[in-house]
1. Looking at residue 183 and the list (1) more than 18 Å from residue 111 (Cα to Cα); (2) in contact with a helix residue (DSSP H, G or I) (Cβ under 7 Å, 6 or more places away or on another chain); (3) crowded, with 18+ Cβ neighbours inside 10 Å, which single condition is not satisfied?
2. May I ask you to list the residues in segment 144-159 that are part of a loop (DSSP other than H, G, I, E, B) and modelled with pLDDT of 95 or more?
3. Could you list all residues from segment 115-127 that are surrounded by fewer than 17 Cβ atoms within 10 Å (Cβ to Cβ) and either touching a residue at least 24 places away in the same chain (Cβ under 8 Å) or touching a helix residue (DSSP H, G or I) at 6+ places or on another chain (Cβ under 6 Å) (or both)?
């Protein structure tokens with residue numbers, strides 16, 4: 001009587017039992033490792049990666065917006081500073097008119113002062129002196145050059161006429177004035193400073209009159 005089928009069955013059962021035990025040990029070991037390591041969402045590096053991946057582009061966009069806004073503010077501030085500087089320069093630039101009401105009577109003519117214009121141009125300071133001269137009794141077609149001369153002083157300095165009026169035969173000082181007529185004259189002088197008064201000295205050409213002065217306070 002043969003026992004081979006019995007032993008063969010027993011051998012197969014033994015192998016199955018060993019395999020089952022091996023699988024159970026592997027599953028148990030895997031479970032223990034998982035318990036030790038914990039779920040991935042509990043790992044600090046998992047959240048770090050998540051923050052970098054998700055929030056990184058947001059922060060980058062915010063930084064770009066802040067930088068663009070800062071550049072815009074700087075450009076606006078620079079433009080404002082330029083406007084303020086230009087306005088300050090315009091405000092600081094000297095430009096004023098001084099009303100004059102002096103009337104100077106000579107034998108043959110009269111001087112009625114009009115105004116003085118003090119201003120800056122090309123880094124220099126000038127004064128325009130305007131007045132009317134009336135021909136009371138000179139012959140017709142008499143010019144201001146015939147009636148009188150003018151010396152203009154500031155402090156100890158004798159100022160120079162800068163419009164070339166005395167060399168230009170078409171200027172106001174050469175314009176003929178009839179008896180009873182009135183001619184306006186404007187002369188320009190470069191100032192020494194903006195502090196001291198300007199003194200106009202009218203010097204009549206005839207022998208009947210003395211010199212007369214007009215003081216202009218330019219402050």
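The values are calculated or read from the model by the stated rules, or taken from the named source; none is laboratory data. Everything numeric in this text was worked out from a predicted model, so none of it was measured. Every residue, glycine as well, gets a Cβ built from its backbone with ideal geometry; the counts of neighbours run over all protein chains shown.
1. Exception for residue 183: condition (1).
2. Within segment 144-159, just 159 meets the criteria.
3. The answer is 119, 120, 124, 125.
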